[in-house]
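Student: I am attaching a structure below and will ask some questions about it afterwards.
Read-outs throughout are calculated quantities, based only on the coordinates presented, and are distinct from any laboratory measurement. The structure presented is a predicted model; accordingly, all values stated were derived computationally and were not measured. No Cβ is skipped: glycine too gets one built from the backbone with ideal geometry, and neighbour counts run over all protein chains shown.
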Amino acid sequence: MNYETVIGLEIHVQLATKSKIFSAASTAYGAAPNTQACAVDLALPGVLPVLNKEAVHMATKFGLAIGAEVAPRSVFARKNYFYPDLPKGYQISQFELPIVGTGHLDIELKGGETKRIGVTRAHLEEDAGKSLHEDFAGMTGIDLNRAGTPLLEVVSEPDMRSAEEAVAYMKKMHALVTYLEICDGNMQEGSFRCDANVSVRPVGQAEFGARAEIKNINSFRFVERAINYEVERQIDLIEEGGVVVQETRLYDADRDETRSMRSKEEANDYRYFPDPDLLPVVISAEYLEQVRAELPELPEEKKQRYIDTFGLSPYDAAGLTASRELADYFETVIEKTGDVRLSANWISGEMSARLNKDDLSIAESKVSAEAFAGLLLRIKDNTISGKIAKEVFEAMWNGEGSADAVIEVKGLKQITDTGAIESMVDEVIANNAGQFAELKSGKDKLMGFFVGQVLKASKGKANPAQVNELIRKKLQD
Amino acid sequence: MSLDADQVKKIAHLARLKIDDTDVPGYVTNLSNILEIFEQMRTIDTANVTPMSHPVEAVQRLRDDEVRETDQRDVFQALAPSTENGLYLVPRVIE
């Protein structure tokens, strides 16, 4: 039987505020345990939450960016459960009246088409602390520095039909929140993570199958793997006559599998109710307009501008606007070189390949946008060929200086002196007289051989077009 | 609407309340009586009444995003039964 996969994602976006959502403690990552957990975060008796203005501002920006209605009135609710990294015994979240309503995000599929993924809602909530289960003689260690860090939980519709689409959506969301500067996007530190709801159903069946919720996935690669594993597991189960049960599962990256979290049966009975410590959050129409006016150019708009004003293909434009850093890098390079095509090709080509190889992001590139532009300028003015430029780029990457310095030190300047190249051509012909005769008699395949030999003799510094032309001239002599 | 003994036990468990089995019938009666009052209120026509999620006609005040808390870990941890390397220690929880 053929199955269709149905996926919905809940993405937790950690908002890049300086202080926590309900207290004035710092949210900086990596501090010594519990040094950023104040009386409010610890839920000491008598404390009250006071809402962070910037968290509301960031949620509003997000709502506008996904074309959602930002609620004129939203309410905080208590989500009750007991766990030692949640000192109050409840998490302050939003339930019936979230701050962001229904919106959408468009993703690009492989074939170049666009698919609209619905966003059901996004709500503000506080993060919990961290539990450390190792090394304390049978006890669990609790660090509450993260407790109270603002999160925006973005819930999608079950609109995705493959792991690939889920990854595309997650990447698009990541790009959006970093463009908006509401999240640092650091997935390793947990600033952007997701839960995936996965189910399968026979093709043609209208109702959804029972779903498994895979918790806390913090990389694009893991999302893809976890979903693929889970889909296989569910299909195998059904084919063997079993039944998929609704449950929470954990993805284990080391074993590349998901497994059940043996949660207690009442675990999902959160008994939400409006938090009496907090009043409704009211957002006025004037405030909305003010926030709308300050929104930066969003990925979609930037992509369209690249297509319209730079003449890039939708594919190239999507690649170059995938992150704000990459787009900024690209624009700096264009500004210095004045050559869109050359800049786009080299950034999408050599630069991307090099970054992938070292598993770095553009922000961590060993070659700055200015230095990279310096290299492209030397290609543009024919000082070096594209081939030599790759060698220069490699040297620049390894910290050997600017393009000009590398070209100078390694003596890579392209030879344009016709006389010098001609004598190399003559030498190669003299050394390969037999083949030259064959070439002359019409064996055109040998042309590549001769051009190659001359380039080799010039150590790649001769201009290939010029070499070609000189050999052709010799053939007519 | 009335509660049965199992529901009372479940609610107590969710709230981490330890209740004596002999007290359960009493809780069943008392809690059911409270629900009975809600049942009576439900008969009132509220079609034209705006739901009230808060008793005060006020909106949430917002705080500027500034770090104002200093590290008071030593003071707080003096209250804790057990700490180590700056962590609060609790009976082991295993998921």
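Student: Based on Cα coordinates alone, diagonalise the gyration tensor for chain A, multiply each eigenvalue by 5, take square roots, and list the semi-axes in whole Å, largest first.
Tutor: Taking √(5λ) for each eigenvalue gives 56, 27, 22 Å, largest first.
Student: With 21 Å as the cut-off, how large is the P(r) tail for the stretch A:156-315, expressed as percent of Cα-Cα pairs?
Tutor: Roughly 63 percent, rounded to a whole number.
Student: Leaving out same-chain residues fewer than 8 places away, which aspartates and glutamates sit with a Cα under 12 Å from that of A:LYS380?
Tutor: A:ASP339
Student: If one computes the Cα centroid of the stretch A:114-139 and of the stretch A:323-343, what distance in Å separates the two points?
Tutor: Using only Cα atoms, the two centres lie 36 Å from each other.
Student: Could you run the Karplus curve 6.51 cos²θ - 1.76 cosθ + 1.60 with θ = phi - 60° over the stretch A:395-401 and give me ³J(HN,Hα) per residue in whole Hz, x for Gly and Pro?
Tutor: Working through the residues one at a time gives 5, 4, 4, 7, x, 8, x Hz.
Student: How far apart, in nanometres, would the label points at B:ASP71 and A:ARG472 be if each is projected 7 angstrom from Cα along the Cα-to-Cβ direction?
Tutor: Each label point is offset 7 Å from its Cα along the Cβ direction, giving 7.3 nm.
Student: Let me ask another. Using only the alpha-carbon atoms, what does the stretch A:1-123 span along each of its principal axes? Please give whole angstrom values in decreasing order.
Tutor: On the principal axes, the stretch A:1-123 reaches 55, 38, 30 Å in Cα extent.
Student: Efficiency by 1/(1 + (r/R0)^6): what FRET value for B:SER32 and B:VAL56, r their Cβ-Cβ distance, R0 = 22 Å, to the nearest 0.05?
Tutor: 0.10
Student: At 222 nm, what helix-only mean residue ellipticity would the protein assembly as shown give, in deg cm²/dmol to the nearest 500, using -39500 (n - 2.57) for each DSSP H run of four or more?
Tutor: -12000 deg cm²/dmol
Student: Quickly work out the A:LYS459-to-A:SER368 label distance, labels modelled 7 Å from Cα along the C-beta direction, and quote it in nm with one decimal.
Tutor: 3.0
Student: Calculate I(q)/I(0) for the stretch A:297-410 by the Debye formula, one identical point scatterer on each C-alpha and no solvent, and give its log10 at q = 0.11, 0.23 Å⁻¹ to two decimals.
Tutor: Here the Debye-derived log intensity ratios amount to -0.33, -1.32.
Student: I would also like to ask the following. Could you grab the relative contact order for chain B? Cα pairs under 8 Å, six or more apart, rounded to a whole percent.
Tutor: 21
Student: Which GluC sites (Glu not before Pro) in the stretch A:388-477 sit in a loop by DSSP (not H, G, I, E or B) and have at most 16 other Cβ atoms within 10 Å of their own Cβ?
Tutor: Sites meeting the loop and neighbour criteria: A:GLU400.
Student: One quarter of the convex hull surface, Cα atoms only: what value does that give for the stretch A:3-287 in nm²?
Tutor: 16.8
Student: Please list, in chain and number order, the residues 5+ apart from A:TYR272 or on another chain whose amide H is under 5 Å from its amide H, with Hs placed from the backbone.
Tutor: Those lying under 5 Å, H to H, from A:TYR272 are A:ASN80.
Student: Distance cut-off 30 Å, Cα to Cα: go down the list A:LYS336/A:LYS366; A:LYS366/A:LYS461; A:LYS79/A:LYS115; A:LYS302/A:LYS366 and report the pairs above it.
Tutor: A:LYS79/A:LYS115
Student: How do A:MET1, A:MET447, A:MET351, A:MET139 rank when sorted from fewest to most other Cβ atoms within 10 Å of their own Cβ?
Tutor: Going from least to most buried by this count: A:MET1, A:MET447, A:MET139, A:MET351.
Student: I would also like to ask the following. Given a Förster distance of 22 angstrom, what is the FRET efficiency for A:ALA31 paired with A:HIS133, based on the Cβ-Cβ distance and rounded to 0.05?
Tutor: Taking R0 as 22 Å, the efficiency between A:ALA31 and A:HIS133 is 0.60.
Student: Cut-off is 10 Å between beta-carbons; in what order do A:ARG324, A:ARG225 appear when sorted fewest neighbours first?
Tutor: In order of increasing Cβ crowding within 10 Å: A:ARG225, A:ARG324.
Student: Let me ask another. Through the Karplus equation 6.51 cos²θ - 1.76 cosθ + 1.60, θ set to phi - 60°, convert the phi angles of the stretch A:378-394 into ³J(HN,Hα) values in whole Hz; use x for Gly and Pro.
Tutor: Per-residue couplings from phi come out as 6, 6, 4, 8, 6, 5, 9, 7, x, 5, 5, 4, 5, 5, 5, 4, 4 Hz.
Student: Between the stretch A:271-318 and the stretch B:53-95, what is the C-alpha centre distance in whole Å?
Tutor: The distance from the Cα centre of the stretch A:271-318 to that of the stretch B:53-95 comes to 32 Å.
Student: Counting only C-alpha contacts under 8 Å and six or more residues apart, can you give the relative contact order of the stretch A:3-287 as a whole percent?
Tutor: Rounded, it is 25 percent for the stretch A:3-287.
Student: May I ask you to list the trypsin sites (Lys or Arg not before Pro) in the stretch A:374-477 that are in a DSSP loop and have at most 11 other Cβ atoms within 10 Å of their Cβ?
Tutor: Answer by residue number: A:LYS445.
Student: Can you tell me how much longer the chain between A:GLU400 and A:THR102 gets when fully stretched, taken as 0.36 nm per residue apart minus their C-alpha distance, in nm with one decimal?
Tutor: Value of the extension gain: 102.1 nm.
Student: Same structure, new question: Using the Karplus curve 6.51 cos²θ - 1.76 cosθ + 1.60 with θ = phi - 60°, what ³J(HN,Hα) values do you get for each residue of the stretch A:420-436, in whole Hz, with x for Gly and Pro?
Tutor: Each residue of the stretch A:420-436 in turn: 5, 5, 4, 5, 5, 4, 4, 4, 4, 5, 4, 6, 10, 4, x, 4, 5 Hz.
Student: Further question: Between A:ILE415 and residues 5 or more places away or on another chain, which pairs have amide H atoms under 5 Å apart, with H built 1.01 Å from N, and which residues are they?
Tutor: HN-HN under 5 Å from A:ILE415: A:ALA462, A:ASN463.
Student: Give the Rg (one decimal place) followed by the Dmax (whole number) of chain B, computed from C-alpha coordinates and expressed in Å.
Tutor: Both quantities, over Cα of chain B: 22.7, 60 Å.
Student: Taking H placed 1.01 Å from N in the peptide plane, check which residues at least 5 places from A:SER26 or on another chain put their amide H under 5 Å from its amide H.
Tutor: The list, which skips near neighbours in sequence, is B:GLU69.
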